[in-house]
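For reference, the structure is listed below as structure tokens.
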Amino acid sequence: MKVTETTVSGCFILEPKVFGDPRGYFFESFNTKSFKAAIGAEVNFVQDNQSFSSKGVLRGLHAQKGEFAQAKLVRVLQGAVLDVAVDARRDSPTFGQHVAVELSSENKKQLFVPRGFLHGFIVLTDTAEFFYKCDNYYNKDAEWGVKYNDDQLDIDWQLPSELFKLSEKDMILPSFVEAVGNI
């Protein structure tokens, strides 16, 4: 597995070794021992989640706060997304910075998003199936988020905004400055 640390502290891109032949392909998508060695930390995943979305669906930017914070290992099973992680750890040297990575069924890349990060993605293809592991259970009372088009974060979502499809909840999220003052 090829592991690349991103410019945002603690986020890693993982690329599996894919073995292909005329029948198709095989790869190991997760191995606790290899994962721990790659990122240099112990992460115990306890929950798997999966979503299906159409082109332009933007989910995010979301996080869990306090004792319910979650680290995630995300990947795409079908289609392609632009995956975004924003460092919301106030004591981090990369606080307020983000990483954006195209994840697809073709490139088979995964992104590790540590606790204390906001996370979101937008679907770039007609449809996409998105899968992620979490190291903590979801708690509705601990959720928080930031609006996708926050001026300070200046995220290029790679699609024209008229194609964006957001939930009502995501349309009314606060700015980054407003939100981090409440966590």
Report task. Hey, can you tell me all the residues within region 50-75 that are of a type outside the set (D, E, K, R), over 21 Å from E168 (Cα atoms) and assigned to a strand (DSSP E or B)? Result -> L73, V74
**Report entry** Selection within region 54-80 - more than 15 Å from F112 (Cα to Cα), buried (at least 18 other Cβ atoms within 10 Å of the Cβ) and either among the aliphatic types (A, V, I, L, M) or within 15 Å of the chain's Cα centre (by Cα) (or both)
**Finding:** V57, L58, R59, G60, L61, Q64, A80
Report task. Kindly list the number of the only condition in (1) touching a strand residue (DSSP E or B) at 6+ places or on another chain (Cβ under 6 Å); (2) aromatic (F, W, Y); (3) buried (at least 17 other Cβ atoms within 10 Å of the Cβ) that fails for F35. Result -> (1)
Report summary line: If you go through P93, P114, the only one that is surrounded by fewer than 19 Cβ atoms within 10 Å (Cβ to Cβ), touching a residue at least 40 places away in the same chain (Cβ under 8 Å) and on the phi < 0 side of the Ramachandran plot is P93
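Rule-based calculations on the coordinates, nothing more; no lab input. Computed from a prediction, not measured in an experiment: that's the story for all the values here. Methodologically, a virtual Cβ is constructed for each residue, glycine included, from the backbone with ideal geometry; neighbour enumeration extends over all protein chains shown.
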